[in-house]
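Worksheet: one structure, shown below.
The values are calculated or read from the model by the stated rules, or taken from the named source; none is laboratory data. Since we're looking at a predicted model, the values are computed, not measured. With ideal geometry, Cβ positions are generated from the backbone for all residues, glycine too; neighbour counts draw on all protein chains shown.
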Amino acid sequence: MKKFVALMVFALALTVAPLAQADDPGKGLYLPGDLTLELAQVGLDAAVKKAQEQGTLMDIALVDAGGNLKAFYRMDGAFLASIDICIKKAISARGLNMSTGTLHDAAMPGQELYGIEVTNDGMVIFGGGELVKDKNGTIIGAIGVSGSSVANDTEVAQAGAAAILAAVK
């Protein structure tokens, strides 16, 4: 009897779920205020534009508020190693709620977070990872960029984060 009831509940869920999602397929499946795909695309576009202005080739990753990969872009010819680095920059920034440039200073020998780069399956402790915030200062995600100097990576990441902030409704 328990199997029959469980099967009926499952069948009902399969029937009702598509009806509830007809107007918004993701309704109830994401947190309000989280980084949306639309905002992630705004960040990618701005970051790519900045990289092109610099004449650099970048890998760019955006993670949502939970630190999960939301969007990724690899410019033609960008370093293969930068794929992993940019994703880890974004995750590191979000995981510790600070830019990876700030993390760098805190992770130097003798500082409070020395050695943190070997935790969490490898964190990145140099610039190019920036938090993405909404107009209230709430963190909605992070962007990580890799492919050039730390200064160039940081500029590109900041351009992406700033574009998202400007686009947040």
Close pairs (8 angstrom Cβ cut-off, 6 or more residues apart or separate chains): closer than 18 Å to HIS104 by Cα and not assigned by TED's automatic domain parsing to the domain that holds GLU130 in segment 75-90, crowded, with 16+ Cβ neighbours inside 10 Å and not charged (D, E, K, R) anywhere:
none
Output the number of residues of segment 97-110 satisfying the condition of being in contact (Cβ under 8 Å) with a residue 24 or more places away in the chain and either more than 23 Å from ALA163 (Cβ to Cβ) or surrounded by fewer than 18 Cβ atoms within 10 Å (Cβ to Cβ) (or both).
1
Can you tell me which residues in segment 72-87 are buried (at least 22 other Cβ atoms within 10 Å of the Cβ) and closer than 16 Å to GLN158 by Cα?
CYS86
When you scan segment 141-169, how many residues do you find that are small (Gly, Ala, Ser), in a strand (DSSP E or B) and touching a helix residue (DSSP H, G or I) at 6+ places or on another chain (Cβ under 6 Å)?
3
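Is at least one residue of segment 111-131 in a loop (DSSP other than H, G, I, E, B), surrounded by 19 or more Cβ atoms within 10 Å (Cβ to Cβ), in contact (Cβ under 8 Å) with a residue 40 or more places away in the chain and over 17 Å from the mean Cα position of the chain (by Cα)? Please lay out each step first, then the result.
Here is the first cut: in segment 111-131, the ones in a loop (DSSP other than H, G, I, E, B) are 111-115, 119-128.
Subsequent filtering for residues that are surrounded by 19 or more Cβ atoms within 10 Å (Cβ to Cβ) retains 123-125, 127-128.
Those still in the list that are in contact (Cβ under 8 Å) with a residue 40 or more places away in the chain too: 128.
Next, from what is left, pick out any that are over 17 Å from the mean Cα position of the chain (by Cα): none.
No, segment 111-131 contains no residue that is in a loop (DSSP other than H, G, I, E, B), surrounded by 19 or more Cβ atoms within 10 Å (Cβ to Cβ), in contact (Cβ under 8 Å) with a residue 40 or more places away in the chain and over 17 Å from the mean Cα position of the chain (by Cα).
Can you tell me which residue among ASP45, ASP76, ASP34 is farther than 22 Å from ALA167 by Cβ and either among the polar types (S, T, N, Q) or modelled with pLDDT of 65 or more (or both)? Spell out the reasoning first.
On the way: ASP45 fails: farther than 22 Å from ALA167 by Cβ; ASP34 fails: farther than 22 Å from ALA167 by Cβ.
Only one candidate qualifies: ASP76.
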Within segment 48-73, how many residues are within 18 Å of ALA142 (Cβ to Cβ) and charged (D, E, K, R)?
4
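Which residue out of ALA142, ALA151 is surrounded by fewer than 23 Cβ atoms within 10 Å (Cβ to Cβ), of a type in the set (A, V, I, L, M) and in contact (Cβ under 8 Å) with a residue 12 or more places away in the chain?
Numbers: ALA142 fails: surrounded by fewer than 23 Cβ atoms within 10 Å (Cβ to Cβ).
Exactly one of ALA142, ALA151 is surrounded by fewer than 23 Cβ atoms within 10 Å (Cβ to Cβ), of a type in the set (A, V, I, L, M) and in contact (Cβ under 8 Å) with a residue 12 or more places away in the chain, namely ALA151.
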